[in-house]
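The values are calculated or read from the model by the stated rules, or taken from the named source; none is laboratory data. Just so it is clear, the model here is predicted, and its values are computed rather than measured. Every residue, glycine as well, gets a Cβ built from its backbone with ideal geometry; the counts of neighbours run over all protein chains shown.
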Amino acid sequence: MPGFRRIIVAVGAAVCALAASAVPQAQAAPRQARPPAQWRVAQAFEGQPFYFLDTMTAPGLSDAWAFGYGRNGTALAVHWNGKTWTASYPFGNVQEVREAASSKPDNVWVAGSCVPYVSRWNGRRWTTTTLNELNACISSVVTTGPDNGWLFTDFAPSTTAVHFNGTTWQTVTLGNFGRVAAASAVSAKDIWLLTFTTSAKTLLVHFNGTTWQKAAVPAPSLPKGDVLIPQALTTAGARSVWATVQIITNQDMSPSSPPDSLLLHWNGRAWTWIPLPGSDEAQPAIAPDGASGAWVLGSCVTKGVSPAHYCFLHWTGRGWTAQLAPTQGIPGTKVTTYDVFSLAHIPGTRSVLASGMADYNPPSGPTAAAAVIYSYGRP
């Protein structure tokens, strides 16, 4: 099974019409249907002084960011401008970037986990703010504009966050919802949290612009003693919220046997629980698909492939498809291990990006590592 860092395929046919004529005409050859889109390695950063891209966000059609570790562990930003990926070190001596969010190309936020800072991109430069008074690790970031953003923490039982209103940063207690595992915003008055309480309960929490309230989500049917562990959360609009959870045996906090995960969807009227296929497990990354479904990063048990590998699971609204994370395009003669960490939907498309890393055997010399960008569709 890949070294996970956190607890955590329809082809149509096209037919050409016969042209009407008094003289018999030969039938035109049928057009070939476009094959289904496939995940591919879009970029492997061979020989670069970085190998690890932990999180990413895509604020525009030709604008995406991936963040990770660079020289000497210094936080790294890799930017896609529609043509190329360019690396930089805009955060000084900061040692990590764990969380990222954006609303537009000129409003991108990143933060560390237990390194208390937030850095904001305004389209021209990054501005970094330290938050030394924060006595908890940052677990998620959302922003709906340059004058509004939230940094949520893993503090429990009282859920705490730091809110920026365009002028000041203020630490706020949201309620007794437990630690925040993931967060996503539709607007400043429509924000969702996925939390885990000290009594081992997973909650969906909603902000309407004024108050934070627990959502009335029906409980799934679980074996006695099993609990849900929050994994990932994303929003595709006011009537489309997606979340993933793992089912864990409460006694020892180990995965259920066989491993099992669930996808949860809010369509604006009701919540629906959707089992992941087989024994595939959800990992902490999810993204809208630009239509009526969602992409889930998973660990897939595939016939003929052992151990389990990272895969991209797609809920189309009618059923599941799965693609193993590709290795073609990664340098060297053999990929020895790899990790996929994040997913990001490209606005206005049905394209999705992912980031990770791979260890591989070069033609000569010791095992090497490369940061990897995966793409479904663009870029």
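Mind listing just one residue for me: the one in segment 123-161 that is of a type in the set (Phe, Trp, Tyr) and part of a strand (DSSP E or B) and, of those, farthest from THR173 (Cα to Cα)?
Filtering segment 123-161 for residues that are of a type in the set (Phe, Trp, Tyr) and part of a strand (DSSP E or B), the one farthest from THR173 (Cα to Cα) comes out as TRP126.
Scan segment 203-213 and tell me whether some residue there is farther than 30 Å from SER299 by Cα and either hydrophobic (A, V, I, L, M, F, W, C) or crowded, with 17+ Cβ neighbours inside 10 Å (or both).
Yes, the conditions are met somewhere in segment 203-213.
Out of THR302, THR316, I need the residue that is surrounded by fewer than 19 Cβ atoms within 10 Å (Cβ to Cβ) and at pLDDT below 95. Which one?
Step by step, each of THR302, THR316 is checked, and only THR302 is surrounded by fewer than 19 Cβ atoms within 10 Å (Cβ to Cβ) and at pLDDT below 95.
So is GLN170 assigned to a strand (DSSP E or B) and either exposed (fewer than 15 other Cβ atoms within 10 Å of the Cβ) or of a type in the set (D, E, K, R) (or both) or not?
It is true that GLN170 is assigned to a strand (DSSP E or B) and either exposed (fewer than 15 other Cβ atoms within 10 Å of the Cβ) or of a type in the set (D, E, K, R) (or both).
What number of residues within segment 356-379 satisfy the criterion of being outside any loop (DSSP other than H, G, I, E, B) and either surrounded by 19 or more Cβ atoms within 10 Å (Cβ to Cβ) or among the aliphatic types (A, V, I, L, M) (or both)?
So the answer is 13.
Is it the case that segment 330-350 has a residue that's more than 20 Å from VAL41 (Cα to Cα) and either crowded, with 24+ Cβ neighbours inside 10 Å or among the hydrophobic types (A, V, I, L, M, F, W, C) (or both)?
No, because not a single residue in segment 330-350 is more than 20 Å from VAL41 (Cα to Cα) and either crowded, with 24+ Cβ neighbours inside 10 Å or among the hydrophobic types (A, V, I, L, M, F, W, C) (or both).
Identify, please: which residue in segment 76-85 is closer than 18 Å to ASN122 by Cβ and surrounded by fewer than 20 Cβ atoms within 10 Å (Cβ to Cβ) and is, among those, farthest from the chain's Cα centre (by Cα)?
ASN81
Please pick out the residue among ASP63, ASP54 that is within 26 Å of VAL142 (Cα to Cα), touching a strand residue (DSSP E or B) at 6+ places or on another chain (Cβ under 6 Å) and either buried (at least 20 other Cβ atoms within 10 Å of the Cβ) or among the acidic types (Asp, Glu) (or both).
ASP54
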